[in-house]
Every structure is written in C-alpha cells, then in structure tokens.
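Take a look at the structure below.
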Amino acid sequence: MKYPEVRNYINGTYVPAKTTPLMDVISPVDGTLLSKVPLSDPKDLDEAVTDARQAFATWSKTPIKERVQVFYRYKVLLEKNIDSLSRLIQEENGKTYDEAKAEIEKSIELTEFACSLPQMVCGDILEVSKGVECRTELCPLGVVASIVPFNFPSMVPHWTIPNALALGNTMILKPSEVVPLSALRIAGMLEEAGLPAGVFNIVHGDRSLVEAICDHPGIDAVSFVGSTKVAKIVYARASSNHKRVLALGGAKNHLVVLPDAHPAMTAANVAASMAGCAGQRCMAASVLITVGDCDSIVDLVCSEAQKFIPGLNLGSVISGAAKERIETYIAEAEKQGAIVRLDGRNVIVPGKENGFYVGPTIIDQVSADMPVAFEEIFGPVLSIIRVNSIDEALSIENSNPYGNAAAIFTQSGSMAKYFADHFNSGMIGVNIGVPVPREPFSFGGWNDSKFGVGDLTGKSSIDFWTKLKKITTKWNPEARTNWMS
C-alpha cells in the first residue's frame, strides 16, 4: 500500500472513522493498491456537522475581505505544489499528467475568482423615501455539503470550496470513495493557508453517507455532481428535507458538423473532445451528427483519434467495471448494425497490464434509437449519426433528455447563430468541442443535466451560497411621512 490509510478530516484533525469497513483504493493506471478508505457512518457525519456549526459562528462573522486572504495564500500553495498534485490525480484517477495538471490550473482559476468576491457582494442601498433607506446584505447559509465525483478529484471540489467558504459558509466535503487522496491534500493546504479548524471538513463514505447528508438536519444546503440517476435522487431527498439543493447530472453531448466546417480544426476538436480525460467528463463529445456530405471530415476525425494512444496520451478509465460497461456498449452497437471504424476494445498497455484502458473508439452508421446514441457511456467513444438536414440534426439534439453541452462546426456565422439559438443545452460551442465557460461565467447545463436553480460556479453561484437580508431604516423623525414611514 503506497499511502497511509485514509482518515476523515474533522475540525482540523485527521481522525479514523467510528466504524471499521474499509475499501481498497486502486490505481486505474496499473491496478496497484494505493490506500484504504473508510466507509463512514452517520456518527462521523454528526461530529463533522457539530464542529462545522460551531466554526460557522465565528467564520460567518469574519469580514469577507479577511476570509478571502486565506484563498490568496491557498492559491500560492496550489501553484507551488502543482506537480505533486497533478501526479496524485494521475495515480488515483488515471488521467494523463497533462490532463491532471490542467485540472489543477482550473482549480487555481476557480480560487482566483473566489478572491474577487468582495467586489461582487457589496449589496445595494437606496433612499426609497424621504428619510427612509433600504439596503441589502448577502448572508451565508450555514453548514453546506459538497458531494463530488471521481472524474475530477480537484477541479469539481474547487467548484464549491472557494466560493462557499469565502462567502462565509462552513463545509462538509464528501469525495468519491474511489479517489479520496486529492481531497486530503486540499485539506492540508487550506489548513496551511490559515483556514480555521472546523470551517472545512471531509467525511469519506459511500451511498449510505450521501443519504445521511441529504437527511441531516444540521446541513443547510447540498451540492452534488455525478450521474443523472443519482442527482435526481439527491435533489428529491435533500429538498424534501427543506435544504437548498443544486445537483448536476450526466450528459449526452452532440457535436453537429456542416459540410463547410474547417476540416483540420474540426477533426482535432472533435477527437480531443471525445478522447480527452478518457471521455470521463460531462462535457465530452458523445455523438457526432454530420449534415450532408461530411465524409472527408469524418475520415480526418478517425485519423486524429488514432493519435490518442492508451498509456501514453490517453489515460485509463476508472475501473474494471467501467471498462467492461464501455466495451459492452460498443459490442451491442456492432450487433445492431453500426460500423466500428476505430475499435478501442481489449487494450493492454505494456508494463501496465492490470490497468483499465479503453482505446479511442468511433462507431459509424449509428441510428438515433441505438443505446450508444442516447445513453451516457462515459468513455472515449464517439457515435456518428448521418442526417440530410439541419432540422433533422436539431431534432436529434433537442430530443435528447440531457442538456449539458452542444456544439456546431461551421464557417457560416448565420448557421452558427441559428444552431446556438435552437440547441436545447445550457452550454454551447461554436467550433469548440468542449465549451466550458471560463470564470466569471458559470458552469451548468439544462434539463436532466441539472436539478435546482442557479449554478455552482461563477457569478450565479453567489445566489446559491448566500441568502438575502433586506434592511429598511429611518432615523429622521422630522422627515415628511408617507405610506413608507
């Protein structure tokens, strides 16, 4: 075992869980045992919530300009430790080093945004009547919980940690049990940056801990990122317990290619979108819809995809079960008459024979009723659907129950605007395969990709992590009175 047994982080201390169940943490890169993680029970959560509640009393009253000083120092630590943090993500998640480093760079950007929050939460003030003044204040919610997935062990936690804490909340983080190590590094750096004990806590666990978070009366808000199936459950359960909830689910992102698209740029973007992070991201290209004669562009996409070599510049998928599930989708599509133009099944990387790898896979002649066309695969697999008209392409995209991302590849400005106006997705790309907004613009999809109001990142996250207090004041008894006073 390469690393010590994982512990919970509660009130500034690393503590063992109160129960004994432990789960192996396996590196998907080569199958080695990295550590063991506890599957905590509700008593561990109770302890963390109690300490977070006590810390909230002081932290919430600390001026925001003082709170963000922690994150200025924390940003420096992220930059200083970027290499070791990237290598840890590579080990526990299976990304390539460059992908892991890009994830830390995005975490730095998210932290930078949190440092700017004092300039965005000033509140409003107005003399609404002679001698009567109204003003607003943004107040923290209390103890919040953040439930995060395996695919981005650093970036997704940073969607919530900097903003929620800078705005005065205290937090319980529940990492994915298959990638618990990066979260502990985050805790250590926040402590080194001067974050007071109890403001940030980590409790490790599985489904039962998620259920306990949804039910806990001491938790005021819950954010979740994961599959749509679980996001629906979390949203329904936590909101039924009168919590503020924002749950981000899965995706089935469509990229539409018109015949006038720039061939080289389009092919490079589509292949990178499909294969980057081994396809394990909710912004990955999953379906390529070609309108009319795009054969030459499809050929180029296949050529570009072949440049992603498992174990070299294409990372592993998260587990053996994930590999089996992905390869089952490919086999089923083939049985249903689709043509596998690039086959990533049965990949073995020399020296990493026990790793979990799927090569880039492109499936052509897919029909819209095949599972590969409408179910989330979460692997480096691209399905190609060929249509004759732009309205047919939009009909396929708009009938998709998800609504995370969609993109159009064309050199026509009018066509780009038409598709952008008619796509039924929350994030749109024009000649960009992974249209992730940069700060201060927020991340978030529509339909079955998001449950709740607002977004977790960017300016719109302020509304989620705070509540509005309205104060009306009159000090001048000589002022002319009216209905306001």
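The values are calculated or read from the model by the stated rules, or taken from the named source; none is laboratory data. As the structure is a prediction and not an experimental result, all values here were calculated from the model. So basically every Cβ, Gly included, is an ideal-geometry build from the backbone, and we count neighbours across all protein chains shown.
Matching residues to (1) touching a residue at least 24 places away in the same chain (Cβ under 8 Å); (2) more than 24 Å from the chain's Cα centre (by Cα):
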residue	(1), (2)
A321	no, no
E327	yes, yes
A331	no, yes
D343	no, yes
V347	yes, yes
P350	yes, yes
Y357	yes, no
P360	yes, no
V366	yes, yes
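Can you find even one residue in region 335-356 that is of a type in the set (K, R) and exposed (fewer than 15 other Cβ atoms within 10 Å of the Cβ)? Taking every residue of region 335-356 in turn, at least one turns out to be of a type in the set (K, R) and exposed (fewer than 15 other Cβ atoms within 10 Å of the Cβ). For the structure I just gave you, tell me whether I384 is assigned to a strand (DSSP E or B), buried (at least 19 other Cβ atoms within 10 Å of the Cβ) and of a type outside the set (G, A, S). Taking the combined requirement at face value, the residue satisfies it.
Scanning region 16-37 for residues that are buried (at least 18 other Cβ atoms within 10 Å of the Cβ) and out of contact with any helix residue (DSSP H, G or I) (no Cβ under 8 Å at 6 or more places or on another chain) yields a total of 2. Scoring K80 on the criteria (1) out of contact with any helix residue (DSSP H, G or I) (no Cβ under 7 Å at 6 or more places or on another chain); (2) farther than 17 Å from M171 by Cα; (3) among the basic types (K, R); (4) buried (at least 16 other Cβ atoms within 10 Å of the Cβ) leaves a single failure, condition (4).
Counting only strands (runs of 3 or more DSSP E) that sit completely within region 388-485, those holding 3 or more residues that are among the polar types (S, T, N, Q) correspond to 466-474.
Results for (1) surrounded by 24 or more Cβ atoms within 10 Å (Cβ to Cβ); (2) farther than 30 Å from M171 by Cβ; (3) not hydrophobic (A, V, I, L, M, F, W, C), shown as yes or no for each residue.
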{"residue": "N241", "(1), (2), (3)": "no, no, yes"}
{"residue": "A251", "(1), (2), (3)": "yes, no, no"}
{"residue": "H254", "(1), (2), (3)": "yes, yes, yes"}
{"residue": "A264", "(1), (2), (3)": "no, yes, no"}
{"residue": "A271", "(1), (2), (3)": "yes, yes, no"}
{"residue": "M274", "(1), (2), (3)": "yes, yes, no"}
{"residue": "S286", "(1), (2), (3)": "yes, yes, yes"}
{"residue": "V301", "(1), (2), (3)": "yes, yes, no"}
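Tallying residues that are of a type outside the set (G, A, S), touching a residue at least 24 places away in the same chain (Cβ under 8 Å) and touching a helix residue (DSSP H, G or I) at 6+ places or on another chain (Cβ under 8 Å) within region 419-449 yields 12.
Listed by first and then second residue, the pairs linking a residue in region 21-44 that is basic (K, R) to a residue that is at pLDDT below 95, with Cβ atoms under 8 Å apart and 6 or more places separating them unless they lie on different chains, are K36/M1; K43/K18; K43/T19. Based on what the data block shows, is A102 surrounded by 15 or more Cβ atoms within 10 Å (Cβ to Cβ), within 30 Å of I318 (Cβ to Cβ) and in contact with a strand residue (DSSP E or B) (Cβ under 6 Å, 6 or more places away or on another chain)? Spelling it out, it is not the case that A102 is surrounded by 15 or more Cβ atoms within 10 Å (Cβ to Cβ), within 30 Å of I318 (Cβ to Cβ) and in contact with a strand residue (DSSP E or B) (Cβ under 6 Å, 6 or more places away or on another chain). Please verify whether D421 is assigned by TED's automatic domain parsing to the domain that holds I125, surrounded by fewer than 23 Cβ atoms within 10 Å (Cβ to Cβ) and more than 17 Å from the chain's Cα centre (by Cα), treating the condition exactly as stated. The answer is no for D421.
Yes/no matrix, rows are residues, columns are (1) more than 17 Å from S286 (Cβ to Cβ); (2) not charged (D, E, K, R):
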{"residue": "C302", "(1), (2)": "no, yes"}
{"residue": "A305", "(1), (2)": "no, yes"}
{"residue": "G311", "(1), (2)": "yes, yes"}
{"residue": "S319", "(1), (2)": "yes, yes"}
{"residue": "E332", "(1), (2)": "no, no"}
{"residue": "V340", "(1), (2)": "no, yes"}
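Return a yes/no flag: does region 223-234 have any residue that is without any contact (Cβ under 8 Å) to a residue 60 or more places away in the chain and buried (at least 22 other Cβ atoms within 10 Å of the Cβ). No, region 223-234 has no match at all.
Candidates are the residues of region 303-322 that are buried (at least 24 other Cβ atoms within 10 Å of the Cβ) and among the hydrophobic types (A, V, I, L, M, F, W, C); the one that is nearest to S27 (Cα to Cα) is I318. The listed residues are S414, S395, S449, S442, and the only one of them that is buried (at least 22 other Cβ atoms within 10 Å of the Cβ), more than 21 Å from L300 (Cβ to Cβ) and of a type in the set (S, T, N, Q) turns out to be S449. Annotation: A322 fulfils all but one of (1) farther than 29 Å from T32 by Cα; (2) assigned to a helix (DSSP H, G or I); the unmet one is (1).
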